[in-house]
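Scroll down for the structure; my scribbles are underneath it.
The values are calculated or read from the model by the stated rules, or taken from the named source; none is laboratory data. What you see is a predicted model; the values in this text were computed from it and never measured. Counting neighbours? That spans all protein chains shown, and the Cβs are built from the backbone with ideal geometry, glycine included.
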Amino acid sequence: MDKEYLKQSLSDAGCCNEATDTILERFESGSIDEMVRLLKKERCRAMDEYHECGRKVDCMDFMLRKIENEMKQR
């Protein structure tokens, strides 16, 4: 994997500039174990965001069902 590909992949994955820079520094210095640790940390952050978005969608679905049911009862 080359540096530019890694940088683009981190951007595509939604990593912030600070995390991207740190991961790229570890890549360049050959600290692959540390780079993997940071990538896993970013993955956890992304999963937290994913789950938060899922909760928001669930809430919207609940509101829609409630409103639609109320409209049917009229």
Residues of the range 1-30 being part of a helix (DSSP H, G or I) and either touching a residue at least 12 places away in the same chain (Cβ under 8 Å) or touching a Phe, Trp or Tyr at 6+ places or on another chain (Cβ under 9 Å) (or both), which ones? Lys3, Leu6, Lys7, Leu10, Ala19, Thr20, Thr22, Ile23, Leu24, Arg26, Phe27, Glu28
Please go through (1) at pLDDT 95 or above; (2) on the phi < 0 side of the Ramachandran plot for Asp2 and return the number of the only condition it doesn't satisfy. (1)
Kindly indicate whether any position in the range 27-36 is surrounded by 10 or more Cβ atoms within 10 Å (Cβ to Cβ), in contact with a Leu (Cβ under 7 Å, 6 or more places away or on another chain) and modelled with pLDDT of 95 or more. yes
With out of contact with any helix residue (DSSP H, G or I) (no Cβ under 9 Å at 6 or more places or on another chain) and not in a loop (DSSP other than H, G, I, E, B) as the only criterion, which of Asp58, Asp33 stands out? Asp58
In this structure, is Asp61 surrounded by 10 or more Cβ atoms within 10 Å (Cβ to Cβ) and not basic (Lys, Arg)? yes
